[in-house]
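Chemist: Attaching a single structure in structure tokens format; questions to follow.
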Amino acid sequence: MSSPGAVHDVERKALLAIKRLQARVAELEAEKYQPIAIIGLSCRVPGAENVVEFRDLLMAGRDGMSGIPPTRWDADAFYDPDPDAKGKMYVRKAGFLPDLEGFDASLFGIAPREAEFMDPQHRLLLEQTWHALEHARIPPSSLTDSLTGVFVGISVNDYAVLLQEALAEPGPYFITGNAINAAAGRISYTLGLTGPALSIDTACSSSLVAVHEACRSLLNGESSLAIAAGVNTIITPKLMMATCRVRMLSPDGICKTFDRDADGYARGEGCGVIILKRLVDARRDGDRVLAVLRGTAINQNSRGSGFTVPSVRAQRSVILAALAAARTEPHEIKYLECHGTGTSLGDPIEVQAADEAYGKGRGLDMPLLLGSAKTNIGHLESAAGIAGLIKTVIAIQEQRLPPHLNLVNLNPHIPWEALKVRVVTQTEAWPPGEKIAGISSFGFSGTNAHAILAEPPEVPPVVRTGNLSPERDRHLLVLGARGAEAVRAWGKAYAAWIIGQPELAL
């Protein structure tokens, strides 16, 4: 028979074990909800060759839409206003990148012959990843054998179609240069990375799903650093003809999101890359934090009115799941970067879902602000989500919300007066309080993604002691590249940038 003291000792040990288990559960729960820091980014989008130009385009309320370049196809030969005309398209405008043919192959150790067979999407991803790492102040050579993951949103492979039509024999580099999976694998190979490498295709939500998977990989410990990206190009007329045949595109080639005359989306091409790290690790390493992803979520429409028809229920659910992951209340969100394709069916569904998800606890005097980058750069399809994310990071950094374009008359099928939302039609300051935003991206086959983005937490200022160096009136700017031509190009770019910012404090 046990003594009272022995029983008490067992109870004490059991209580200690329970407390240890509770502490471990709390620790695991905290790890699950860790914020993810964005420490670098880069992009090329219609009308902007880099993030600085993208910022200027957004804040000035300009768009980057243009006519079809003759290097792609003969716009006149393929044009017909009749949407049922075979082999034709009823649009003459989209969002294109200049000099899509250009590529600094030698920087990546790629021979000219191999580069000719590489999909321009793969080339863009390599270059923009390099720029994003530089923006994050990470020497690409330092990542060799690191647990860095690569997550790429990519859907189309127009270049493979073009090569197949033009060449009798594809050549030895055709497969590695055009396979969708090689888009991520090439980045990992070039940089010598050992983390996961995934090419993700969920149509228009591909790149935001890639961001979600990058965050999960960091939180699960599969990656210590993550590269998340999205890319899209428009090289052949075939997909443009197909989207015209089903009347998906706006005839005038611009997205009129939330407008009464919204009549389809405008296609666009581009590439965006962000560099991610757990916030606790970024702080430990002294990284500059541009913004913080508090939570992300993905889901599926399931059955509904049609295979490609968006769902209010599913969109509301994915927003609520992202809020739960972010441990953020709906009314704390100030701005929503909408998917916003500019279709008569999709726009009302998206606004209704946003109001249902974000309206709780929100007064009519503090509406959820709405906008969409598609009115500036068109619908970048598989790169659309990351373009909207980069736009929102820029807005947080600038402490201003850029204007949503092409809104003349509000869509009458959206009950604006009854909803706690408002479209940002001119550049304006963020509402009072913490800068927190949602970003939506929805794929036509039903895969939805949402992210909660916030300004970085404040860091105590570093107090310096001792003698400080006197102010200098001359500075040395050191530039590095693989060749003399690249150095000259960098020099010209930096000179133009510095001249354009007379108040710059070096």
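The values are calculated or read from the model by the stated rules, or taken from the named source; none is laboratory data. The structure presented is a predicted model; accordingly, all values stated were derived computationally and were not measured. FYI the Cβ positions are ideal-geometry reconstructions off the backbone, even for glycines, and counts take in every protein chain you see. Accessible surface areas use protein heavy atoms only, side chains included; no ligands, DNA or RNA. Shrake-Rupley method; radii C 1.70, N 1.55, O 1.52, S 1.80 Å.
Chemist: Hey, can you tell me all the residues within segment 436-457 that are in a loop (DSSP other than H, G, I, E, B) and surrounded by 20 or more Cβ atoms within 10 Å (Cβ to Cβ)?
Modeler: If we filter segment 436-457 for residues that are in a loop (DSSP other than H, G, I, E, B), which is where we start, we get 443-446, 455-457.
Hits for segment 436-457 are Gly443, Gly446, Pro456.
Chemist: Among His379, His404, which is the only one that is in contact with a Gly (Cβ under 7 Å, 6 or more places away or on another chain), at pLDDT 95 or above and within 25 Å of Ala454 (Cβ to Cβ)? Spell out how you get there, then give the answer.
Modeler: Working: His379 fails: within 25 Å of Ala454 (Cβ to Cβ).
Just one listed residue meets the conditions, His404.
Chemist: Scan segment 168-187 for residues that are in a helix (DSSP H, G or I), surrounded by fewer than 21 Cβ atoms within 10 Å (Cβ to Cβ) and either out of contact with any helix residue (DSSP H, G or I) (no Cβ under 7 Å at 6 or more places or on another chain) or of a type in the set (D, E, K, R) (or both) and jot them down.
Modeler: Once the filter is applied, which keeps residues that are in a helix (DSSP H, G or I), surrounded by fewer than 21 Cβ atoms within 10 Å (Cβ to Cβ) and either out of contact with any helix residue (DSSP H, G or I) (no Cβ under 7 Å at 6 or more places or on another chain) or of a type in the set (D, E, K, R) (or both), segment 168-187 yields Ile175, Gly185.
Chemist: I need every pair where a residue in segment 477-489 that is over 15 Å from Pro140 (Cβ atoms) and in a loop (DSSP other than H, G, I, E, B) has its Cβ under 9 Å from the Cβ of a residue that is of a type outside the set (Phe, Trp, Tyr) and open to solvent by 100 Å² or more (accessible area, probe 1.4 Å), sequence separation at least 6 or different chains.
Modeler: Pairs found: Leu477/Leu506.
Chemist: What about Val273, is it in a strand (DSSP E or B) and either within 26 Å of Arg44 (Cα to Cα) or open to solvent by less than 20 Å² (accessible area, probe 1.4 Å) (or both)? If you could, list the steps in order and put the result at the bottom.
Modeler: Numbers: in a strand (DSSP E or B): yes; either within 26 Å of Arg44 (Cα to Cα) or open to solvent by less than 20 Å² (accessible area, probe 1.4 Å) (or both): yes.
So Val273 fits the description; yes.
Chemist: Looking for whichever is open to solvent by 10 Å² or more (accessible area, probe 1.4 Å), within 22 Å of Asn301 (Cα to Cα) and not hydroxyl-bearing (Ser, Thr, Tyr) here; the options are Glu381, Glu398. Which one fits? Spell out the reasoning first.
Modeler: Details: Glu398 fails: within 22 Å of Asn301 (Cα to Cα).
Every option except Glu381 fails the conditions.
Conditions (1) open to solvent by 10 Å² or more (accessible area, probe 1.4 Å); (2) in a strand (DSSP E or B), marked per residue:
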| position | (1), (2) |
| --- | --- |
| Asp347 | no, no |
| Asp365 | yes, no |
| Leu369 | no, yes |
| Val393 | no, no |
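Chemist: Here's something else I'd like to know. Filtering segment 123-164 down to residues that are free of Cβ contacts under 8 Å to residues at least 12 places away in the same chain and in a helix (DSSP H, G or I), which residue is most open to solvent (accessible area, probe 1.4 Å)? Spell out how you get there, then give the answer.
Modeler: Narrowing segment 123-164 to residues free of Cβ contacts under 8 Å to residues at least 12 places away in the same chain: 139, 141-142, 164.
From what is left, the residues that are in a helix (DSSP H, G or I) are 141-142, 164.
Details: Ser141: 94, Ser142: 70, Gln164: 116 Å².
Result: Gln164.
Chemist: Give the residues of segment 246-263 that are under 16 Å from Gly95 (Cα atoms) and of a type in the set (Asp, Glu), sorted by residue number.
Modeler: Asp252
Chemist: Please name all residue pairs, on different chains or six or more residues apart, with Cβ atoms under 8 Å, provided the first residue is in segment 81-108 and is closer than 30 Å to Pro139 by Cβ and the second residue is open to solvent by less than 40 Å² (accessible area, probe 1.4 Å) and of a type in the set (Ser, Thr, Tyr).
Modeler: Partner pairs satisfying both residue conditions: Leu97/Thr233; Leu100/Thr233.
Chemist: Considering only segment 217-233, how many residues are touching a residue at least 12 places away in the same chain (Cβ under 8 Å), open to solvent by 20 Å² or more (accessible area, probe 1.4 Å) and of a type outside the set (Ser, Thr, Tyr)?
Modeler: Restricting attention to segment 217-233, the residues satisfying the condition of being touching a residue at least 12 places away in the same chain (Cβ under 8 Å) are 217-219, 222-233.
Now drop any that are not open to solvent by 20 Å² or more (accessible area, probe 1.4 Å), which leaves 219, 222, 224.
Okay, now just the ones that are also of a type outside the set (Ser, Thr, Tyr), so 219, 222.
Of the residues in segment 217-233, 2 are touching a residue at least 12 places away in the same chain (Cβ under 8 Å), open to solvent by 20 Å² or more (accessible area, probe 1.4 Å) and of a type outside the set (Ser, Thr, Tyr).
Chemist: Being closer than 25 Å to Leu124 by Cα and either part of a helix (DSSP H, G or I) or open to solvent by less than 30 Å² (accessible area, probe 1.4 Å) (or both): is that true of Val280 here?
Modeler: Working: closer than 25 Å to Leu124 by Cα: no; either part of a helix (DSSP H, G or I) or open to solvent by less than 30 Å² (accessible area, probe 1.4 Å) (or both): yes.
So Val280 fails the test.
Chemist: OK, next. Quick one: is Glu356 open to solvent by 30 Å² or more (accessible area, probe 1.4 Å) and of a type in the set (Asp, Glu)?
Modeler: On the way: open to solvent by 30 Å² or more (accessible area, probe 1.4 Å): yes; of a type in the set (Asp, Glu): yes.
Taking the combined requirement at face value, the residue satisfies it.
Chemist: Being β-branched (Val, Ile, Thr) and either open to solvent by less than 10 Å² (accessible area, probe 1.4 Å) or in a strand (DSSP E or B) (or both) is the filter here, so list the residues in segment 286-327 that pass it. Break it down into steps so the answer makes sense when it comes.
Modeler: Filtering segment 286-327 for residues β-branched (Val, Ile, Thr) gives 289, 292, 296, 298, 308-309, 312, 318-319.
The answer is Val292, Thr296, Ile298, Val318, Ile319.
Chemist: Follow-up question, since we're still on this one. Answer yes if at least one residue in segment 467-484 is modelled with pLDDT under 95, touching an Asp or Glu at 6+ places or on another chain (Cβ under 8 Å) and either under 30 Å from Ser311 (Cα atoms) or open to solvent by 90 Å² or more (accessible area, probe 1.4 Å) (or both), and no otherwise.
Modeler: Taking segment 467-484 as the starting set, the residues that turn out to be modelled with pLDDT under 95 are 467-484.
Restricting the remaining residues to those that are touching an Asp or Glu at 6+ places or on another chain (Cβ under 8 Å) gives 482.
Subsequent filtering for residues that are either under 30 Å from Ser311 (Cα atoms) or open to solvent by 90 Å² or more (accessible area, probe 1.4 Å) (or both) retains 482.
Yes.
Chemist: Name the one entry in Asp84, Asp99 that is on the phi > 0 side of the Ramachandran plot and either modelled with pLDDT of 95 or more or not in a helix (DSSP H, G or I) (or both). Steps first, please.
Modeler: On the way: Asp84 fails: on the phi > 0 side of the Ramachandran plot.
One residue alone meets the criteria, Asp99.
Chemist: Let me ask something additional. Does Leu336 count as under 20 Å from Thr447 (Cα atoms), of a type in the set (A, V, I, L, M) and touching a helix residue (DSSP H, G or I) at 6+ places or on another chain (Cβ under 9 Å)?
Modeler: Values: under 20 Å from Thr447 (Cα atoms): yes; of a type in the set (A, V, I, L, M): yes; touching a helix residue (DSSP H, G or I) at 6+ places or on another chain (Cβ under 9 Å): yes.
Yes, satisfied.
Chemist: Something else about it: Check Leu218, Leu208 and return the single one that is within 21 Å of Gln121 (Cα to Cα), under 22 Å from the mean Cα position of the chain (by Cα) and assigned to a helix (DSSP H, G or I).
Modeler: On the way: Leu218 fails: within 21 Å of Gln121 (Cα to Cα).
The conditions single out Leu208.
Chemist: Consider only pairs whose beta carbons are under 6 Å apart and that are at least six residues apart or on different chains; among these, list those whose first residue lies in segment 188-208 and is crowded, with 21+ Cβ neighbours inside 10 Å and whose second residue is of a type in the set (D, E, K, R) and part of a helix (DSSP H, G or I).
Modeler: Pairs that qualify, where the first residue is crowded, with 21+ Cβ neighbours inside 10 Å and the partner is of a type in the set (D, E, K, R) and part of a helix (DSSP H, G or I), are Cys204/Glu381.
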